[in-house]
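What follows is a single structure, and I will ask about it in a moment.
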């Protein structure tokens, strides 16, 4: 088992590499790279697409209006922001908030893969088409589009890691589209909430078993 200190050191090295990265042209336009934030021992990761203006200014993921909506959506799944690790596929803001290009995603992808390997989540919530498609491809699956895939539970492997993936719309898409907001609310309050309950229940059972094993020693 990897120690907490070695995990933290590995994560610090990763963040340092992201901050100093110049592998694609996006580094020329950024104010601050956005590695991600959250506990390294969490079972749940949220992966968006790319930083926006507010994120670029602060160096933190989901801090603008879409972030406020995400906080609300997390509450529907009985989660708090501090319980999950949040990042994006691409760590630097594309100019004018355009979609990241394939070569930019390819350059940044090793960072995301390493983040997943460090944290080893049981559940990944993919926010947005680019995030969903990227993670489907990493898991060897064909992406059919967000309309078909949102709220779908995918069980599979990413490398050696067994995990559950649930894609849904990006909160930014819901800010001015009530229909998408309703879909997001349903996905978080039903499918995602049920998976979160399973994870939390399993953690309680593991702690209980560990305590009983300790008592019976």
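Laboratory data are not the source of any read-out in this text; all were calculated from the coordinates shown. Quantities reported herein were computed from a predicted structural model and do not represent experimental measurements. Cβ placement follows ideal geometry from the backbone for every residue including glycine, while neighbour counts extend to all protein chains displayed.
When 150, 27, 170 are ordered from fewest to most other Cβ atoms inside 10 Å of their Cβ, what list results?
Exposure proxy ranking, most exposed first: 27, 150, 170.
Relative contact order, percent, of the chain when contacts are C-alpha pairs under 8 Å separated by at least 6 residues?
21
I'd like the distance between the alpha-carbon centres of the range 47-101 and the range 1-42, rounded to an integer number of Å.
Cα centroid to Cα centroid, the span is 15 Å.
In the range 89-197, how does Rg compare with the Kirkwood Rh, expressed as the Rg/Rh ratio over alpha carbon atoms?
0.96
Name the most mobile residue of 106, 149, 12, meaning the one with the largest mean-square fluctuation, in a Gaussian network model of the chain with Cα contacts below 10 Å.
Answer for the Gaussian network model of the chain: 12.
In the chain, what % of DSSP beta bridges are antiparallel (nearest 5)?
In the chain, DSSP labels about 30 percent of beta bridges as antiparallel.
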